[in-house]
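The values are calculated or read from the model by the stated rules, or taken from the named source; none is laboratory data. Because the structure is a prediction, the values reported are computed rather than measured. When we count neighbours, we look across all protein chains shown, and the Cβ atoms used for this are built from the backbone with ideal geometry, even at glycine. Areas reflect the complete protein model, heavy atoms only, side chains present, ligands, DNA and RNA absent. Shrake-Rupley method; radii C 1.70, N 1.55, O 1.52, S 1.80 Å.
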Amino acid sequence: MKKKIFVRAPILSATGYGEQSRFALRALRSREDLFDIYVQPIPWGKSGWIWQENEEREWIDARIAETQILLQQKQLQPDMSLQITIPNEFQKLAPINIGFTAGIETDRVAPIWLQKGNEMDKILVVSHHGKSTYERTSVTLQDGTKYRLETPIEIVHEATPLAEAEEITGFNPRHDFNFLVVSQFGPRKNFENTIKWFVENFKDQEVGLVLKTCMKGASRIDLEHTEKRLEAALAPFKDRKCSVSLLHGDLSEGQMRALYEHDKIKCLVNIAHGEGFGLPLFEAARTGLPIITIPWSGQLDFLRHDGEDLFTKVAYSMQPVHKQAVWDGVVQKESMWAYADENSFKDALSWMLNNHDDALATAKTLQGLVETKFRAEKLYEGFCNAVLGKSNLQPVEIDAISFCIPTNGAKPEKTLLTIKSIKRELGDFPHEIIIAGDVENFKNIEGVTLVDKSEEAHSRKVATLRNAGGDASQYDTIAWCDDDIVLSKGWLDKTLNYSKINGWNVLGNRLLNPDGTRHWDRATLKPHRMVDYDHPEFDKNLYQTSGFMLVRRNVFKCVRWDDNCLVRGDQEGKISEDVKFSIDLINKGYTISFNKDATVWHNDAKYTQLDLNGNPSTLLISKIKEQIPNYKEAEKHLRFVKTLELLK
């Protein structure tokens, strides 16, 4: 089933966040079989808008127009929102909300980012720096507790399109050896020092510095302001052999590639105080241009491979941000960022000039790695998986299973079928069956561990029974299993196969009633309703019924069932034990994965709507069609009676 996704982003902005937004749209467009995309553009400071007339721009304009009409008519009801902006602008716009941010260029995030981040269901960032900075930031509250980000956060790398090189009319630097800077003329980019230290280092040498820059945009007014700033920076250096030239205005993607590949451009320089990702650095690395930069912040995701830095490093120190860079709610005054060391930078410039062949060889190695690891198709797939909530955990195969069954002994014949179905399905595969509660009826059964908790069993303390079963278990995979569950044929193979290729901590699967209808096997809490099996697992609103699920042992060690919560507690205005368990799992950062290929049955006649001959009624058929899109598959499940006959 397609997801209606509402993308709110500076999609037309000629900025880094604009590029990030368009990357996200390209990724979503690569799977239009999965997404219906709706777009609302937002402004980004005083920056200009992209100017190219192409198929992508036409598509964006069409999506914006349709979205605007639906918003005006109040008819847009998206399944999820994707908000590409700084976190203090995150909002709840849909049932599921994802924030996609470049993160921060300093060593911590603002407190409001924690608050707004925790209102999201998931946060995506473009680098390990962004993720680690977000995760390690905390705020001490008045009661002394630490307030942190609790929302799952995932890294999704970005990229710009790799266009065919296109000539830049009139571009021909005076010198044959030129360093290149591509960035905004601003405090964070350390622009003045870049120019000053370059000129001081090469004042008596025939070397050039090309600045592809602007103050805010590509206008003539901006050009005048940029030229004045540059003239002021160069004023103390009247007599110099080195050149500093300005390249201002919009360039196409093809022209940017031509700039990086120009035979007179020998190295990209960046000594900014920090980068969320660093797209110009990425583009330079992708074209095989040698790079000089600091070994800190977002650029290391593509410049460092297997612990090796494939660029010329500039030493740095961490110091408080400039006063003029403080932006309350974004760049906090107590934040720190990197300051490049002057002598180290000058040494790096000189080394590059004198050892360019060596630097070029390193750059070619880096280029090959970037081309392999940052292929557009690979990045698009990763992005779509992150949006859909597919786990990025490493797969861990199941080598044995502990089935923990709570019971009050009221329906022994059904519990015996549960045990029989487990033994039949598991066969020789390592497993154990632990029954906790009123175990009197099961004392003569072989191969079952009994935990006598009769008093708790008759006091609705199912949570206590589950904990007792878990404590008595020995294997790394625990199956919480009600005493009226029947495993379908093939459940084990489908569960093992899923675990070979998917990482998970908590795993649900199809839980069907005897007539093939669903029994709350994938649902949300508010509103309390079932959702499709492909529902994103990072949704903080997910609810996993206690009827059947798998957890890793390390999860049980971290999140136990709440002994104070009774079964059916909701009927007394309290919280039920399975609802509390789901909430506790999510609050601890665990996501609830789902295997839609494996099935177990809920053996309870109260949920059966078959006629006396075991055939589905007309009413039931329409209900099944509504709940299970693949009716032919549902039709197969209607043979639950035959499943029971096999066990008998």
>> Taking a cut-off of 44 Å, what percent of all Cα-Cα pairs in the chain are separated by more than that?
In response: 35 percent
> Roughly to the nearest percent, how much of the accessible area of the stretch 1-118 is carbon and sulfur, given a 1.4 Å probe?
Replying inline: 48 percent
>> What's the ranking of 288-299, 39-50 by average number of surrounding C-beta atoms within 10 Å, highest first?
In response: 288-299, 39-50
> Given a 1.4 Å probe, how much area per residue of the stretch 491-595 is accessible, in Å²?
Replying inline: 38 Å²
> How would you classify the stretch 495-552 from its alpha-carbon gyration tensor, with a ≥ b ≥ c the square roots of the eigenvalues: rounded for a/c under 1.5, else prolate if a/b is greater than b/c, otherwise oblate?
Replying inline: oblate
>> Using Cα-Cα distances under 8 Å and only pairs 6 or more residues apart, what relative contact order does the chain have, in percent?
In response: 10 percent
> Expressed as an acute angle from 0 to 90° and rounded to the nearest 10, what is the orientation of the C-alpha long axis of helix 376-388 relative to the principal long axis of the chain?
Replying inline: 40 degrees
> Residues of the stretch 127-227: accessible area per residue at 1.4 Å, in Å²?
Replying inline: 51 Å²
> To the nearest 20 debye, what is the magnitude of the charge dipole of the chain about its Cα centre, counting +1 on the Cβ of each Lys and Arg and -1 on the Cβ of each Asp and Glu?
Replying inline: 920 debye
>> How much of the pair distance distribution for the stretch 245-302 lies past 19 Å, counting alpha-carbon pairs only, in percent?
In response: 31 percent
> Total Lys pairs in the stretch 420-470 closer than 20 Å by alpha-carbon, pairs eight or more apart in sequence or interchain only?
Replying inline: 4
> What is the magnitude of the charge dipole of the stretch 477-549 about its Cα centre, with +1 placed on the Cβ of each Lys and Arg, -1 on the Cβ of each Asp and Glu, and no other charges, expressed in debye to the nearest 20?
Replying inline: 180 debye
> Scaled to the compact-protein estimate 2.2 N^0.38 Å, what is the alpha-carbon radius of gyration of the stretch 339-405, rounded to two decimal places?
Replying inline: 2.09
>> Run lengths n ≥ 4 of DSSP H only: what is the helix-derived mean residue ellipticity at 222 nm for the chain, with -39500 (n - 2.57) per run over all residues, to the nearest 500?
In response: -10500 deg cm²/dmol
> Measuring from centroid to centroid over Cα atoms, what is the spacing of the stretch 18-42 and the stretch 469-499 in Å?
Replying inline: 39 Å
> Rg (Å, one decimal) plus Dmax (Å, integer) for the alpha carbons of the stretch 521-563?
Replying inline: 11.7, 31
>> Could you order the peptides 55-68, 454-467 from most to least packed, using the average number of other C-beta atoms within 10 Å per residue?
In response: 454-467, 55-68
> By the scheme Lys and Arg +1, Asp and Glu -1, what is the net charge of all other residues having a beta-carbon under 11 Å from that of residue 179?
Replying inline: +2
> Nearest 10 degrees, 0 to 90: what angle lies between the long axis of helix 412-426 and the longest principal axis of the chain (Cα atoms)?
Replying inline: 50 degrees
> Can you give me the relative contact order of the stretch 273-369 as a percent, contacts being Cα pairs under 8 Å and 6 or more apart?
Replying inline: 34 percent
> In the chain, with Lys and Arg counted as +1 and Asp and Glu as -1 at Cβ, which of these residues, 385, 359, 485, has the Cα nearest the positive end of the dipole, that is, farthest along it?
Replying inline: 485
> Of 538, 180, 290, which is farthest on the positive side of the dipole of the chain, counting Cα position, with +1 on Lys and Arg Cβ, -1 on Asp and Glu Cβ, and the Cα centre as origin?
Replying inline: 538
> Using mean Cβ contacts within 10 Å as the protection proxy, how do 4-15, 135-146, 410-421 order, highest first?
Replying inline: 4-15, 410-421, 135-146
> Using the Cα atoms of the stretch 39-170 to build a convex hull, what is its mean projected area in square nanometres?
Replying inline: 11.8 nm²
> When only C-alpha pairs under 8 Å and at least 6 residues apart count, what is the relative contact order of the stretch 181-275, in percent?
Replying inline: 42 percent
> Which percent of the Cα-Cα distances in the stretch 450-588 go past 24 Å?
Replying inline: 31 percent
> Where the convex hull is taken over the Cα atoms of the stretch 268-416, what is its projected area averaged over directions, in nm²?
Replying inline: 16.7 nm²
>> Taking the 0 to 90 degree range and rounding to the nearest ten, how far is the long axis of helix 618-627 tilted relative to the main principal axis of the chain, both from C-alpha atoms?
In response: 30 degrees
> Given 116/574; 122/390; 3/526; 212/266; 196/238, which pairs have Cα atoms separated by over 21 Å?
Replying inline: 116/574
